[in-house]
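Mind having a look at this structure? Questions to follow.
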Number of protein chains: 2
Amino acid sequence: MNHKALHKLGYGMYVIGSRKGDRLNGQIANTVFQITAEPPAIAVSINKNNLSHEFIKESKVFTASVLCQDTPLSFIGHFGFKSGRDINKLEGINYKIGETRAPVVIDNAVAYLEAEVTQEVDVGTHTIFIGKLVDANVISEEVCLTYDYYHQVKRGTTPQTAPIYIKEKG
Amino acid sequence: MNHKALHKLGYGMYVIGSRKGDRLNGQIANTVFQITAEPPAIAVSINKNNLSHEFIKESKVFTASVLCQDTPLSFIGHFGFKSGRDINKLEGINYKIGETRAPVVIDNAVAYLEAEVTQEVDVGTHTIFIGKLVDANVISEEVCLTYDYYHQVKRGTTPQTAPIYIKEKG
């Protein structure tokens, strides 16, 4: 078995916005996908150790901002490799409070989606939150960042809390 | 709400192999994703009306072949717009019988994954099948086909049974 085959799966790159009461957070995720068309529903897979997991479980809402290909690595590092337990990750970031009252990150976003959680699926280290789409909009027609581009071109790395994290051997 | 934001989500393109007893089938899907790294698990979303749904529900296994960017539209049309109820879609196709005894399509594939279903999530029109990875391999280092490339460059269309199908208005 060659686990590198898992690297061939295709994803986009997203900032997931969440809240718990008035506390706001954002984190990077690559596993956002549409679940059904009728009614429009989306899902996101979040590591149970992440603050976003606690926030989404409590508030039952999340947002997803689709990142553009030109998103700086520093921006991804800010949301992907820091914890909202230590800093307010939204400070200095251009965002709006959405229909769900969760933050919708606007910086580097080509589109955003907002969802109200209708189903939670426990898959071990992660929970898949499935949500009814409550708002969505296109911000620009820039090319979207793919997870592959992020890895191949930007030489990005993946935190150990991601579903797609694969231990490097040797 | 602008549903076109849903078009900005990023996916790959896959042939999902399935079986029921000795009957084999294959269909196109774009919603294949890794669920957890420890243990390696993947998921696929399949429309309840599809023959693959019946097959995977019965056999509890599926395979996913990751398509290369050069995959001909006719190949995608063969697996995406025909039903295994009418024809044997694997006839004339280069495939192998995998560890799961389900077909693994090799034509136009850069990698493949095989999974044993551990969880089924009913999400209305679709079921998300979550499976433990039982085999995986890389076949080539060609560029993978993305759903976006398929739509933008190849002007592909989407069958109404796909999770990402959006009714054109007007």
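May I ask you to evaluate 6.51 cos²θ - 1.76 cosθ + 1.60, the Karplus curve with θ = phi - 60°, for each residue of segment A:18-35 and list the ³J(HN,Hα) values in order in whole Hz, giving x for glycine and proline?
So the Karplus estimates, Gly and Pro as x, are 8, 8, 9, x, 9, 7, 10, 8, x, 8, 7, 9, 10, 9, 10, 7, 7, 9 Hz.
Can you give me the C-alpha center-to-center distance between segment A:40-97 and segment B:11-71, rounded to a whole angstrom?
What the calculation gives is 29 Å, centre to centre.
Tell me, what ³J(HN,Hα) does each residue in segment A:56-61 have, in order and in whole Hz, if you take phi through Karplus 6.51 cos²θ - 1.76 cosθ + 1.60 with θ = phi - 60° and put x for Gly and Pro?
The phi angles translate into 5, 4, 7, 8, 6, 9 Hz.
What's the total accessible area buried between chains A and B, using a 1.4 Å probe, rounded to the nearest 100 Å²? Let's see the in-between values first.
Values: alone 9240 and 9240 Å², together 14540 Å².
What A and B bury together is about 3900 Å².
Also, I was wondering about something else. Beyond 25 Å, what share of the Cα-Cα pairs of segment B:11-170 remains, rounded to the nearest whole percent?
For segment B:11-170, the share of Cα pairs beyond 25 Å comes to 22 percent.
Follow-up. Would you kindly work out the equivalent ellipsoid of segment A:39-96 from its C-alpha gyration tensor and give its semi-axes, the square roots of five times the eigenvalues, largest first in whole Å? Write out the running numbers ahead of the final one.
Working: eigenvalues 82, 57, 26 Å².
After diagonalising the Cα gyration tensor, the semi-axes are 20, 17, 11 Å.
Continuing with the same structure: Between copies, how close do the residue A:159 label points come, placed 7 Å along Cα→Cβ, listed in nm from shortest?
Relative to the other copies, residue A:159 has label-point distances of 3.9 nm.
When Lys and Arg each count +1 and Asp and Glu each count -1, what net charge do the other residues less than 12 Å away from residue B:100, Cβ to Cβ, add up to?
After counting each charged neighbour, the total is +1.
Compute, for residue B:65, the solvent-accessible surface of its heavy atoms (probe 1.4 Å) with the complete set of protein chains present, and express it in square angstrom to the nearest 10.
The accessible area of residue B:65 comes to roughly 0 Å².
Right, another one. Can you give the convex hull volume per residue for the Cα atoms of the protein assembly as shown, as a whole number of Å³?
Looking at the protein assembly as shown, the number lands at 128 Å³ per residue.
Going by accessible area, probe 1.4 Å, with all protein chains left in place, what is the ranking of B:19, B:85, largest first?
B:85, B:19
Whole-Hz Karplus ³J(HN,Hα) for segment B:95-107, in order, using 6.51 cos²θ - 1.76 cosθ + 1.60 and θ = phi - 60°, x for Gly and Pro?
Ordered by residue, 3J(HN,Hα) equals 9, 10, 8, x, 4, 7, 6, 8, x, 10, 6, 9, 4 Hz.
Here's a follow-up. Of B:83, B:68, B:12, which is farthest along the charge dipole of chain B in the positive direction, counting Lys and Arg as +1 and Asp and Glu as -1 at C-beta?
Result: B:83.
So who's got an amide H within less than 5 Å of the one on residue A:119, skipping anything under 5 residues away but keeping other chains? H placed 1.01 Å off N, in plane.
The list, which skips near neighbours in sequence, is A:130.
Find the relative contact order for segment A:15-133 and round it to a whole percent, using C-alpha pairs within less than 8 Å whose residues are 6+ positions apart.
34 percent
Next question, about the same structure. Using amide H atoms built 1.01 Å from N in the peptide plane, name the residues 5+ places from residue A:95, or on other chains, whose amide H lies under 5 Å from its own.
Placed amide hydrogens put A:106 under 5 Å from residue A:95.
Summarise the accessible area of chain A (1.4 Å probe, protein heavy atoms) by the percent that is carbon and sulfur.
Roughly 47 percent of what the probe reaches on chain A is carbon or sulfur.
For label points placed 7 Å from Cα toward Cβ, what is the shortest-first list of nm distances from residue A:143 to its copies?
For residue A:143, the inter-copy label distances come out at 0.8 nm.
Any of B:20/B:48; A:60/A:82; A:89/A:132; A:4/B:132; B:48/B:82 with alpha carbons more than 19 Å apart? Name them for me.
Distance filter (> 19 Å) returns A:60/A:82; A:89/A:132.
So what is the 222 nm mean residue ellipticity for chain A from helices alone, if each DSSP H run of at least 4 adds -39500 (n - 2.57) and you divide by all residues, rounding to the nearest 500 deg cm²/dmol?
Theoretical 222 nm ellipticity from helices: -3500 deg cm²/dmol.
The values are calculated or read from the model by the stated rules, or taken from the named source; none is laboratory data. Owing to the predicted nature of the structure, the values given are computational and were not obtained by experimental measurement. Glycine also receives a Cβ, built like all others from the backbone with ideal geometry; neighbour counts cover every protein chain displayed. We work out accessible area using only protein heavy atoms, side chains counted, and drop any ligands, DNA or RNA first. Shrake-Rupley method; radii C 1.70, N 1.55, O 1.52, S 1.80 Å.
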